[in-house]
Each structure stands twice: as C-alpha cells, then as structure tokens.
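One structure below.
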Amino acid sequence: MSQNYQTMWKNLGLDLNAHDMLLEVLGKGYTDIYLSQSNRPTGMGYFDFVMSEVHGLRIKELLDEKAAGRKIVGSYCVFVPEEIILAANATLVGLCSGAEFATEAVEKLLPRNTCALIKSSFGFKLGKVCPYLECADMIIGENTCDGKKKSYEILNDLVARLYVMDLPQMKSPGGKAILKSEYYRLKDEMEKLTGVVIEKDRLKQSIDIVNAKRKAIHRLSILRKANPVPISGLDALLANQVFFYDNPARFTQSVNALCDELENRVKDKTGVFPESTPRILISGCPMAVPNWKLPWVIENSGGVIVGEESCVGERGTRNLTDTSGNTVDELMEAIVNRYFDIDCAVFTPNPGRLQHIMEMKEAYNADGVIHYGLQFCQPYSIESGRVEKALQAENVPVLCVETDYSQTDIAQLETRVQAFIEMLK
Ligand code: BJ8
C-alpha cells in the first residue's frame, strides 16, 4: 500500500507503528492464504485489489464522502438496516474485526473470557489501528448477546458517538413490535445526524441498492451448488466479507462480473477442486476479515466449502426487502419484516435456524456440516448441541469446533477436520 496514505492515517489518529504491524500481518495472511490458491477466477482480482486497498483507497473514498457532507456510520451486526442508513444519505461500514490486537489492553477492560469478536473490535479501537472506526461519525451498537450489550457500555466511553439499538429476544408479535419501534427510532436518529428527511423515494431507492447487492450474492451462492464447484469457499467468503465495506453499486457490479465468469466455468465443468471433493457447509458465528483460519484448514484438508450459514454469508443476505410499498410506513414495515426473519442464536427459541441449516445442506448438496463456534460465545455454543443432534437425527455428518482468533490451535483443528473429511470420503 502506498506511503501516500501515512498522512491520512495520522490525521485519523491511528498509531502508525501499531498500524504498520497490523498491515504486515494482514498482508502476509492474505498472501499465504489467498494468493497461494490455484485456479482462481480472474474476477477475484477485484477483491484482491479491494483487500490491498482496504485501509487505503477505500478509506480515502470515505473521507472524500465526509468532505462532501456525507456521514459515515459503523456497525457490528446485520440487524442494522443499511436501507435506512443509505436513505439518510449516509454510508454504512462493518466494524467487526477478525484478528487479535492489543489483547493486554483489552483484558483490562473486558473479562478474559469474552468472545474473540468483541475483544478484537475493542483491540482495534484501543490499539488505534482501525481507520473505519476512526472515520465513523456514529457507531451503532445493538443489544444482541450479553457480551456485546454490556461491552457497549464501555465502548461508549471510548468513541465520540455511540447509538445503541435495542433488539427483541423472541420471535413473537411483541418482539416484532420492539424491532419496529427501534427501526423508527433509528430513522429519527439518522435524520438528526444527517439533516436529511427519509421520504418514500429515498427509501425505495436505498432498498433497491441493498437488494441488488443481495441478489448478486444470491447469484454467487447458486453457482456454488455446481459440481465441481467453480469457486473456493475462501474466495466466496471474501466476497461476503467485502459486502460490508465496499461501495454498494461497485460491489454489486463486481460480484455480477465474477458470476458471469463462474457461469462459464460451470458450463465447462471447470472447478477449483475435483468433483469427488467432499462438500462442506459451515454454520455458526460470523467470520470477519481477516478470520480465514477454519476455511483455510478445511480447504487445505481435502474439502471444499459450498455455503455459509452465517451472518457473513446466507443468514445475513438471504432475504430481500419487499419494494412494493407506496408510503414510508409501508416500506418501513417491509424492512422490519425482512430483518425480523434473521435467525441469530440470540433469539429464543430459535427453530428457524435449524430448519435453515437443513435446507442449506440439501440445496448445496453438502456431504457434511462443520459448526463453527467462537470460544465464549454462549448463544452459538449452546445452540451447537441442538444443531448437532438435529443433523445426526437426519444422518448428516457433523463436526462442532470451537476456536478463537489465535493461531495456536491450527494443528489441532487440522487433525480434527482431516479426520472428518476422511470419514466423508
Ligand atoms: S445477527 S450473529 S452479527 S449478533 S460471536 S458477539 S453472538 S458472543 S456476532 Fe452476531 Fe448480529 Fe447475531 Fe449476526 Fe456475541 Fe457470539 Fe461474540 Fe457474536
């Protein structure tokens, strides 16, 4: 990445030495994991470029938007509706992080046994290494799991403007009413932040923009049903991760261009792995950049990932928002309906997720499911038992793994994953 960005990073208040360290680790991880893959679609060149400029050109674009009067909003959860943020003439960026940083400082503020995703997000703030966080005009937290909910009380002292959105815990009419009132409260807050009134045409246009992103990802997902699979799970995961950072229109165009290429691969039966490769569905906690450990282990152990039941994956992108409404209220209702269907493990009970895993297993013709839990994530760890039982009852091979962002358990993961994939063969 060019030295020209040093001034930009300094102006954002980043710690340049710590940031260099992070970029070095990120760059090495990317080279080792991504650039070493063979037979990648040429359309992945765009995503390689995005990753090489993830702290460079993209940040410059966001700062240019800010200079032109647009607000930047950061979020940690797929329950934050991008449609409402865009309709207020603001840009949404994902802030979840997938690498350990400043752990010692983090553990002075949070218990050691907090999940890696929360600790990492705090580490990026305390270590002053995240330009997305530093350029956000407002950060939206959400009351999902206890870890996030309580950590936002502490984050509130660390960032300039934190807005916390309440979320329901149950899929009941009362739960839906809570979501609805919270989305209206968010709409008001966004209007206050930007001074832009969210009227019907703006909202409709924003829904179209976000739906187009989702449709492109749906297209990519459908192509992964082919055998041989035209794209690795690692590359598909990257596209799902970039979903949260990139300019929406450019993202849509790039994923569609990639899909054009993959369609030809499917016609020619060109795959990234042989047809006989065991097909794996991943299910569980989200995988934020640069958390590629488990997918790398799977695809280097003789398996191919064909789908992700995850918020960085199909749980986050599967449903579209209905655009048929003709008033702001009707469109807001459509947004509530779309998001209320997200089957995050923070809901109780949460049978929809089990059903979705089964549907995905069938749709992607997966030979087995690997359930991925982050250590100390209670919602997904507790649900892993039910997922395991439900899959076993249908004779679907399943492996439950629990890990974090460290590299210390790679050998152990490899042993377990290799044995699982051998069993599938
Ligand atoms: S909608 S999955 S993005 S909350 S891994 S912080 S649950 S202890 S990330 Fe999530 Fe929204 Fe749900 Fe999706 Fe807590 Fe678990 Fe950590 Fe988690």
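Every read-out reported here was derived from the displayed coordinates using simple, explicitly stated rules and does not represent laboratory data. Predicted model, so just to flag it, every value in this text is computed and none were measured. With ideal geometry, Cβ positions are generated from the backbone for all residues, glycine too; neighbour counts draw on all protein chains shown.
Got a sec? How would Ile410, Ile84 order by Cβ neighbour count within 10 Å, fewest to most? The partial results should precede the final answer.
On the way: Ile410 14, Ile84 26.
If I rank by nearby Cβ atoms, fewest first, I get Ile410, Ile84.
Restricting attention to the range 186-288, lysine pairs at least eight places apart or on different chains and with alpha-carbon atoms under 23 angstrom apart total 14. A straight chain from Asn247 to Gln355 at 0.36 nm per residue would run longer than the Cα-Cα distance by 35.6 nm.
Peptide packing: for 223-233, 193-203, the average count of neighbouring Cβ atoms within 10 Å per residue gives the ranking 223-233, 193-203, highest mean first. With a simple spin-label model that places each label point 7 Å from the Cα along the Cα-to-Cβ direction, the separation between Glu263 and Gln392 comes to 4.4 nm. Once the gyration tensor of the Cα atoms in the range 250-350 is diagonalised, the equivalent ellipsoid follows with semi-axes of 32, 21, 12 Å, ordered largest first. The share of C-alpha pairs in the chain whose separation exceeds 37 Å stands at 19 percent. Spatially, the range 260-337 and the range 1-66 are offset by 23 Å when compared through their Cα centroids.
The listed peptides 312-323, 179-190, ordered by packing as a protection proxy, come out as 312-323, 179-190 (highest mean of other Cβ atoms within 10 Å first). Which ³J(HN,Hα) values, rounded to whole Hz and listed in residue order, are derived for the range 224-238 from phi using the Karplus coefficients 6.51, -1.76 and 1.60 in 6.51 cos²θ - 1.76 cosθ + 1.60 with θ = phi - 60°, glycine and proline given as x? Running phi through 6.51 cos²θ - 1.76 cosθ + 1.60 with θ = phi - 60° gives 6, 6, 5, 10, x, 6, x, 8, 6, x, 4, 5, 5, 4, 4 Hz.
Its Cα centre serving as origin, the chain has a Cβ charge dipole (Lys and Arg +1, Asp and Glu -1) of approximately 240 debye. For Ala160 and Asn113, what is the calculated FRET efficiency with R₀ set at 35 Å and r taken between the beta-carbons, to the nearest 0.05? The pair Ala160/Asn113 has a calculated efficiency of 0.75.
How many times 2.2 N^0.38 Å is the alpha carbon radius of gyration of the range 132-215? Mind dumping the intermediate values first?
Values: Rg = 14.9 Å, N = 84, 2.2 N^0.38 = 11.8 Å.
Here the answer is 1.25, to two decimals.
For Val93, the residues whose amide H sits under 5 Å from its own are Val73, Gly74, Ser75, ignoring neighbours fewer than 5 places away on the same chain, with H placed 1.01 Å from N.
Based on the mean of other beta carbon atoms within 10 Å per residue, what is the order of 129-136, 251-258, most packed first? Please report the intermediate quantities before stating the final value.
Working: 129-136: 23.0, 251-258: 20.0.
Put in order of decreasing packing, that is 129-136, 251-258.
Annotation: amide H of Val398 within the under-5 Å range of Val369, sequence separation 5 or more or interchain, hydrogens built in the peptide plane. Here the Karplus curve 6.51 cos²θ - 1.76 cosθ + 1.60, taken at θ = phi - 60°, turns the phi angles of the range 181-190 into couplings of 5, 5, 5, 5, 5, 5, 4, 4, 5, 5 Hz, with x standing for Gly and Pro.
Note that the range 271-284 has calculated 3J(HN,Hα) couplings of x, 8, 9, x, 4, 7, 5, x, 9, 10, 9, 9, 9, x Hz, one per residue in order, obtained from phi through the Karplus relation 6.51 cos²θ - 1.76 cosθ + 1.60 (θ = phi - 60°); glycine and proline are x. Counting other Cβ atoms within 10 Å as a rough exposure proxy, the listed residues Leu26, Leu14 run Leu26, Leu14 from fewest neighbours to most. Short-range pairs are left out: with C-alpha atoms under 8 Å and at least six residues apart, the relative contact order of the chain is 17 percent. Using R0 = 25 Å, the C-beta based FRET efficiency linking Glu330 and Ser172 works out to 0.65. About the centre of its Cα atoms, the range 126-200 shows a dipole size close to 280 debye [charges on the beta carbon of Lys, Arg (+1) and Asp, Glu (-1) only; nearest 20 debye].
Placing a label point 7 Å from the Cα of Leu57 along the Cα-to-Cβ direction, no residue of the range 126-141 has its backbone N under 13 Å from that point.
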